[in-house]
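As structure tokens, the structure follows; a few thoughts come after it.
The values are calculated or read from the model by the stated rules, or taken from the named source; none is laboratory data. Predicted model, so just to flag it, every value in this text is computed and none were measured. Using ideal geometry, Cβ is built from the backbone for each residue, glycine included, and neighbour counts are taken over all protein chains shown. Protein only, heavy atoms only, side chains kept; ligands, DNA and RNA dropped before computing areas. Shrake-Rupley method; radii C 1.70, N 1.55, O 1.52, S 1.80 Å.
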Amino acid sequence: MMNEQDRNILCRLIRDHEDLIGSSRATMLALQSFINSIEALKPTPGQVRQQYMELADAIKNTRPKIVPLIHLIETFETEMEPHFEGDWDEVRVKAVETLRGLTATLKDKVGSIIQWGVSCIEDGDVLVMHTASGDVMNMIALAKEVMARKIKVIVLKQDFLKTKSLINALKQSRVEVEVVPEFSLSHYIGQANKMFTGALSITHDLKAICAVGTANIASLCHFHKIPVYLFANTLKFSHGLSEDQKIHEKRMSQVEGSCNYVLTTYSHDMVDLHMVDYLVTEEGIFNQDTMADHITNICEGKLR
């Protein structure tokens, strides 16, 4: 039985992985962990459905919601529902086969979005970035290493671990990097011509749940007419509203000098899509005139 502490630990692990490597890679890791668990599980008769439902419930109630993983879990449930009460060896084979198929679906979507993303990168681009989205890093690497595009990235320093991951990935692809504090972007904004970022999810009411800091950076870029590119495959489109995403809130007591106070932080930002110039999915590139219809069509399709 999964207790509240176990649920909190699972939520934190998923959230930390998503924060460092992006939601697509975190979802793939979660699916592989699920496969490993099923292969190792030795349930007693009648336990399979109960144990699965405990895990699924924990995944569906992460803070914030890991929408692509939830969509894939829902598909898994639908396909497995007729099989849960069968012989365990047969259930295991079917479950692993289903999860591997879902992983392949996600990889196909990620591959397509990377191809579209490469077409958004041109010689001489100076990109603003502050987080190491796996999809964005792969498209930059492809543009630099295979397409020989000349790129510079202005990296906005935030949390050291996240910034270190971004810098190391860019250096590995031999991309020119300039690291500046996030709060100093206004001094460098004149050098940039694009901002690239990923998203954890996009909601029916046209909000994007993104890495913390994205809202302020996108707003500054929007004000200075620097185009903001948001990359998100359609599995990240939520059939819920922004208020349902349950962004994680943390309160910590702080002591600095003789001052005691409680610091409140949130794990992610909520970005109004009016701040985004281009939404790139595996289905193409959508501008302000077309992205709302694209999101609505996908979200309503998930509801049917």
Of the residues in segment 59-78, those that are open to solvent by 10 Å² or more (accessible area, probe 1.4 Å) and closer than 18 Å to GLU39 by Cα number 1
Check: On the given criteria, is THR105 among the polar types (S, T, N, Q), under 23 Å from the mean Cα position of the chain (by Cα) and not in a helix (DSSP H, G or I)?
Finding: no
Going through (1) farther than 27 Å from PRO68 by Cα; (2) open to solvent by less than 20 Å² (accessible area, probe 1.4 Å); (3) at pLDDT 95 or above one by one, VAL128 fails only at (1)
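Residues checked against (1) in contact (Cβ under 8 Å) with a residue 12 or more places away in the chain; (2) open to solvent by less than 80 Å² (accessible area, probe 1.4 Å); (3) among the polar types (S, T, N, Q):
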residue: ASN233; (1), (2), (3): yes, yes, yes
residue: SER238; (1), (2), (3): yes, yes, yes
residue: GLN245; (1), (2), (3): yes, yes, yes
residue: LYS250; (1), (2), (3): yes, no, no
residue: SER253; (1), (2), (3): no, no, yes
residue: ASP269; (1), (2), (3): yes, yes, no
residue: LEU279; (1), (2), (3): yes, yes, no
residue: ILE298; (1), (2), (3): yes, yes, no
Here the residues within segment 114-125 that are of a type in the set (A, V, I, L, M, F, W, C) and either at pLDDT 95 or above or more than 18 Å from the chain's Cα centre (by Cα) (or both) are TRP116, VAL118, CYS120, ILE121
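If we only count strands (runs of 3 or more DSSP E) wholly inside segment 248-304, which ones have 1 or more residues that are on the phi > 0 side of the Ramachandran plot?
Result: 284-287.
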Among residues of segment 138-194 being among the β-branched types (Val, Ile, Thr) and touching an Asp or Glu at 6+ places or on another chain (Cβ under 6 Å), the residue surrounded by the most Cβ atoms within 10 Å (Cβ to Cβ) is ILE151
Self-check item: Filter result for ILE113 (part of a loop (DSSP other than H, G, I, E, B) and either in contact with a helix residue (DSSP H, G or I) (Cβ under 8 Å, 6 or more places away or on another chain) or over 23 Å from LEU235 (Cα atoms) (or both))
Solution: no
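Please go through segment 47-83 and pick out each residue that is over 27 Å from the mean Cα position of the chain (by Cα) and either in the same structural domain as LEU235 (by TED's automatic domain parsing) or in contact (Cβ under 8 Å) with a residue 24 or more places away in the chain (or both). Even if it seems obvious, please write down each step before you answer.
Going through segment 47-83, the residues over 27 Å from the mean Cα position of the chain (by Cα) turn out to be 47-50, 81-83.
Result: VAL48, ARG49.
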Out of (1) outside any helix (DSSP H, G or I); (2) within 22 Å of the chain's Cα centre (by Cα), the one LEU99 does not meet is (1)
